[in-house]
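Working notes for the structure below.
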Amino acid sequence: RFDFNKHMLLVGATSLLLLAWIAKLILQRTVRLTITPFTLPLFIVTLVTFASAVIQAPNRVEALMGRPATMLALLLLSFITTTDLQSLKQLRLLLIGLVASAVVLSALAVYQFFGLPYITFTPAGSSLALLTFLAPMLAICVYNTLKSTSVNRIAWGLTSTIIILGAGFTLYRLP
């Protein structure tokens, strides 16, 4: 029900990022592309999604604006992100942003469990989408909790706890 808006926001934001990235390449007069082990499988899944939409759908234009457009946007976003990450500091900032998003979503899930009437809405879309996002974020937080020392360990441990609570309450409320 709420997926179309999120998909179109992703497509629009990725289009703007693509234009900015192309402008940056033109101004710098260099082209640097970073191909990761994740790029080829994502490219293949995107191709299969496009082929499926073209072969099966009676209205090809409408079909291409659904899941294939989202997959293409994710492929381009992945490609732009991996190409633009140039330092460990940028990677850490990206990680902190993702973990902060997971904490906010988890806190909202806990609040909904205790404070709001029974609804299954999350900004992530569905409860399953929320759990799919929280699972790798939890793994990252637990790893950093075990790896860090003193104050950082406490912060990562608190973050892990919030995500565990959010994921647990979301799992409990799954229909």
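So the values come out like this:
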| quantity | calculated |
| --- | --- |
| Looking only at the range 142-155, and only at residues there that are out of contact with any Ser or Thr (no Cβ under 6 Å at 6 or more places or on another chain) and open to solvent by less than 50 Å² (accessible area, probe 1.4 Å), the one that is nearest to Val110 (Cα to Cα) | Asn144 |
| Residues that are without any contact (Cβ under 8 Å) to a residue 24 or more places away in the chain and open to solvent by less than 40 Å² (accessible area, probe 1.4 Å), drawn from the range 156-175 | Gly157, Ser160, Gly168 |
| All positions within the range 127-136 that are in contact (Cβ under 8 Å) with a residue 12 or more places away in the chain and either open to solvent by less than 50 Å² (accessible area, probe 1.4 Å) or touching an Asp or Glu at 6+ places or on another chain (Cβ under 9 Å) (or both) | Ser127, Leu130, Leu131, Leu134 |
| Residue match in the range 77-97 (condition: of a type in the set (Phe, Trp, Tyr) and open to solvent by 50 Å² or more (accessible area, probe 1.4 Å)) | no |
| Test: residue in the range 12-30 that is open to solvent by 100 Å² or more (accessible area, probe 1.4 Å), free of Cβ contacts under 8 Å to residues at least 12 places away in the same chain and on the phi > 0 side of the Ramachandran plot | yes |
| Lone qualifier among Leu165, Leu174 - being over 20 Å from Gly97 (Cβ atoms), in contact with a Ser or Thr (Cβ under 8 Å, 6 or more places away or on another chain) and outside any helix (DSSP H, G or I) | Leu174 |
| Residue, farthest from Gln86 (Cα to Cα), within the range 56-71, restricted to residues that are at pLDDT 85 or above and among the hydrophobic types (A, V, I, L, M, F, W, C) | Ala69 |
| Identity of the residue in the range 111-148, assigned to a helix (DSSP H, G or I) and in contact with a Phe, Trp or Tyr (Cβ under 7 Å, 6 or more places away or on another chain), that ends up modelled with the lowest pLDDT | Phe113 |
| Failed condition for Ala124, given (1) touching a residue at least 40 places away in the same chain (Cβ under 8 Å); (2) closer than 29 Å to Asn144 by Cβ; (3) within 14 Å of the chain's Cα centre (by Cα) | (1) |
| Test result for Ala139, farther than 20 Å from His7 by Cβ, open to solvent by 50 Å² or more (accessible area, probe 1.4 Å) and without any contact (Cβ under 8 Å) to a residue 12 or more places away in the chain | yes |
| Unique residue being farther than 27 Å from Cys141 by Cβ, in contact with a helix residue (DSSP H, G or I) (Cβ under 7 Å, 6 or more places away or on another chain) and modelled with pLDDT of 90 or more when the list is Leu105, Leu76 | Leu76 |
| Leading residue by the ranking (nearest to Val11 (Cα to Cα)) among those in the range 41-67 that are open to solvent by 50 Å² or more (accessible area, probe 1.4 Å), outside any loop (DSSP other than H, G, I, E, B) and of a type in the set (S, T, N, Q) | Ser52 |
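The values are calculated or read from the model by the stated rules, or taken from the named source; none is laboratory data. Source: prediction; values computed, not measured. With ideal geometry, Cβ positions are generated from the backbone for all residues, glycine too; neighbour counts draw on all protein chains shown. What goes into the accessible areas is simple: the full protein's heavy atoms, side chains included, and nothing from ligands, DNA or RNA. Shrake-Rupley method; radii C 1.70, N 1.55, O 1.52, S 1.80 Å.
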